[in-house]
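The values are calculated or read from the model by the stated rules, or taken from the named source; none is laboratory data. Everything quoted here is computed from the prediction, not taken from an experiment. FYI the Cβ positions are ideal-geometry reconstructions off the backbone, even for glycines, and counts take in every protein chain you see.
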Number of protein chains: 2
Amino acid sequence: MSVTDEFLKNNEIYAQTFQGPLPLPPAKHIAVLACMDARINVYAALGIQEGESHVIRNAGGVVTEDEIRSLAISQRLLGTKEIILIHHTDCGMLTFTDDAFKQSIHEEVGVKPAWAAEAFSDLDADVRQSVARIKNSPFIPHKDSVRGFVFDVATGKLREVATA
Amino acid sequence: MSVTDEFLKNNEIYAQTFQGPLPLPPAKHIAVLACMDARINVYAALGIQEGESHVIRNAGGVVTEDEIRSLAISQRLLGTKEIILIHHTDCGMLTFTDDAFKQSIHEEVGVKPAWAAEAFSDLDADVRQSVARIKNSPFIPHKDSVRGFVFDVATGKLREVATA
C-alpha cells in the first residue's frame with residue numbers, strides 16, 4: 001500500500017468524528033508561516049484549533065513572492081491581522097547552498113532553475129530577513145504584529161528572534 | 001493578550017510532553033501540498049505523525065514557482081517520492097477574480113502586484129491544473145504518485161479528483 005493510500009485510510013477515521021463546517025475566515029485573525037519540516041506539527045505546537053488560523057508553509061519558512069500572495073489574500077480578503085513566522089533548528093536549508101543545488105539540477109536535467117533556492121546559513125538572520133520582506137511589501141496592510149521564532153526540534157519550544 | 005501571545009502560552013504546554021529530536025528526512029517519504037485554509041488540520045485529517053511528511057501550504061493549495069522550489073528540495077535533498085495535493089470546498093479562492101483583487105490593491109496602495117493571485121472558479125479543474133504543473137516541471141524527479149484531492153469542510157472527507 002502506498003503512503004497516500006495509508007493516509008486516505010486515516011482520513012476515513014478522521015471524518016467519522018469530524019464536526020463541520022466552520023466559517024471560512026480564521027476565527028483568531030492570524031496567519032502562521034512555517035517551514036514545511038515534517039517535525040513541526042503547527043496546530044499541535046501552537047495549540048491551534050480547526051478554523052482559527054491560516055497556515056502557510058514552504059521549504060525554510062521563507063518569504064518569497066508566493067508567501068506575499070498568500071498573506072495579502074489572508075489579510076485583505078479574510079481579515080487576518082497578526083503574522084507568526086517559524087524557522088527551526090536542524091533545518092535542511094542550512095545544509096546546502098543555492099549555487100550547488102542549482103548546479104546539480106543543471107547537470108542532471110540540463111535546465112537551471114530561474115528561482116532562488118533560498119538556502120541560508122544563519123537561522124536568526126533568516127528569520128529577520130523574512131520579517132523584513134513582509135515589512136517591505138506594499139501588499140500586506142497589517143504589520144503591527146509580525147513576530148519571528150525558531151522552533152527547537154529537540155525540545156518543541158519556540159524562541160523569539162529579536163527583530164530590532 | 002494578542003493571539004500570538006496566546007499561541008506562545010499553548011506552546012509552553014506542548015513542549016512539556018514533547019519528544020525529540022526526530023530525524024530530518026520525512027520518515028514516510030511523502031510531501032503534502034494543501035490550501036492554507038484554517039479548517040484543514042493536515043496532520044489530523046491525514047493521520048500524520050510528527051516526522052513523517054513534509055507539509056507545504058499556501059492560498060488555494062496551488063502550484064507556483066515557490067511550491068516547485070519546495071517540492072524540488074523535498075524530493076532531491078530529503079528523499080520524498082509521493083505528492084498529495086489538497087484543495088477544499090468553500091475555498092476563498094472561489095470568491096474573487098485576479099483582476100478585481102489586483103485592481104483593488106492598485107487603487108489602494110498605488111502599486112499593482114506583478115504576480116498572479118491564482119484565484120479559480122472550478123475546484124476540480126484547479127486540482128488538475130496543479131497536478132499538471134508538477135508533471136510539467138523538469139525540477140521534480142518523482143512523478144509516479146502525484147494525486148489530487150478535494151477536502152470537504154462539511155464532512156472532513158477527501159475526494160480524489162480524476163486527473164486523466
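Somewhere in the range B:70-86, is a residue in contact with an Asp or Glu (Cβ under 7 Å, 6 or more places away or on another chain) and either within 9 Å of another protein chain (Cβ to nearest Cβ) or at pLDDT 95 or above (or both)?
No: zero hits.
Conditions: (1) without any contact (Cβ under 8 Å) to a residue 12 or more places away in the chain; (2) closer than 30 Å to residue B:123 by Cβ. Residue B:72 meets all but one. Number of the miss?
Going through (1) without any contact (Cβ under 8 Å) to a residue 12 or more places away in the chain; (2) closer than 30 Å to residue B:123 by Cβ one by one, residue B:72 breaks only (1).
Consider residue A:39 carefully, then state whether it is surrounded by 21 or more Cβ atoms within 10 Å (Cβ to Cβ), within 8 Å of chain B (Cβ to nearest Cβ), out of contact with any helix residue (DSSP H, G or I) (no Cβ under 6 Å at 6 or more places or on another chain) and touching a residue at least 12 places away in the same chain (Cβ under 8 Å). Break it down stepwise before answering.
Details: surrounded by 21 or more Cβ atoms within 10 Å (Cβ to Cβ): yes; within 8 Å of chain B (Cβ to nearest Cβ): yes; out of contact with any helix residue (DSSP H, G or I) (no Cβ under 6 Å at 6 or more places or on another chain): yes; touching a residue at least 12 places away in the same chain (Cβ under 8 Å): yes.
When the stated conditions are applied, residue A:39 passes them.
If you take the residues in the range B:1-15 that are touching a helix residue (DSSP H, G or I) at 6+ places or on another chain (Cβ under 9 Å) and of a type in the set (A, V, I, L, M, F, W, C), which one is farthest from the other protein chains (Cβ to nearest Cβ)?
B:1
Which condition breaks for residue B:101 when tested against (1) assigned to a helix (DSSP H, G or I); (2) in contact with a Gly (Cβ under 9 Å, 6 or more places away or on another chain); (3) aromatic (Phe, Trp, Tyr)?
So residue B:101 meets the others, but not (2).
Consider the range B:126-142. How many of its residues are surrounded by 15 or more Cβ atoms within 10 Å (Cβ to Cβ) and under 13 Å from residue B:85 (Cα atoms)?
Step one: list which residues in the range B:126-142 are surrounded by 15 or more Cβ atoms within 10 Å (Cβ to Cβ), which gives B:126-131, B:133-134, B:137, B:139-140, B:142.
Filter once more, keeping what is under 13 Å from residue B:85 (Cα atoms): B:126-131, B:133-134.
Of the residues in the range B:126-142, 8 are surrounded by 15 or more Cβ atoms within 10 Å (Cβ to Cβ) and under 13 Å from residue B:85 (Cα atoms).
Take the residues in the range B:16-36 that are facing another protein chain (nearest Cβ under 7 Å) and closer than 15 Å to residue A:43 by Cβ; name whichever of them is surrounded by the fewest Cβ atoms within 10 Å (Cβ to Cβ).
Going through the qualifying residues, I end up with B:18.
Of the conditions (1) more than 7 Å from chain A (Cβ to nearest Cβ); (2) of a type in the set (A, V, I, L, M, F, W, C); (3) closer than 25 Å to residue A:82 by Cα; (4) within 13 Å of the chain's Cα centre (by Cα), residue B:55 fails just one. Which one is it?
Every condition holds for residue B:55 apart from (1).
Can you confirm whether the range B:142-157 contains a residue that is more than 10 Å from chain A (Cβ to nearest Cβ), over 19 Å from residue A:24 (Cβ atoms) and outside any loop (DSSP other than H, G, I, E, B)?
The initial filter retains those residues of the range B:142-157 that are more than 10 Å from chain A (Cβ to nearest Cβ), namely B:142-143, B:148, B:150.
Next, from what is left, pick out any that are over 19 Å from residue A:24 (Cβ atoms): B:142-143, B:148.
Remaining after also requiring outside any loop (DSSP other than H, G, I, E, B): B:148.
Yes, the range B:142-157 has at least one match.
Filter the range B:7-50 down to residues that are part of a helix (DSSP H, G or I) and over 20 Å from residue A:17 (Cβ atoms), then give me how many there are.
Of the residues in the range B:7-50, the ones part of a helix (DSSP H, G or I) are B:7-16, B:42-46.
When the remaining residues are screened for being over 20 Å from residue A:17 (Cβ atoms), the result is B:7-16.
Adding up the residues that qualify gives 10.
Could you tell me which residue of the range A:89-98 is surrounded by the most Cβ atoms within 10 Å (Cβ to Cβ), considering only residues that are assigned to a loop (DSSP other than H, G, I, E, B) and facing another protein chain (nearest Cβ under 10 Å)?
We begin by selecting, within the range A:89-98, every residue assigned to a loop (DSSP other than H, G, I, E, B); these are A:89-91, A:95-97.
Narrowing the set further to residues that are facing another protein chain (nearest Cβ under 10 Å) leaves A:89-91, A:95-96.
On the way: A:89: 18, A:90: 18, A:91: 21, A:95: 13, A:96: 16.
The residue in question is A:91.
Can you name the residue in the range A:101-120 that is within 10 Å of chain B (Cβ to nearest Cβ) and of a type in the set (Phe, Trp, Tyr) and, of all such residues, is nearest to residue B:75 (Cα to Cα)? Break it down stepwise before answering.
Keep residues of the range A:101-120 that are within 10 Å of chain B (Cβ to nearest Cβ), which gives A:101-102, A:104-105, A:108-119.
Now narrow it down to the ones that are of a type in the set (Phe, Trp, Tyr): A:101, A:115.
Values: A:101: 12, A:115: 17 Å.
My answer is A:101.
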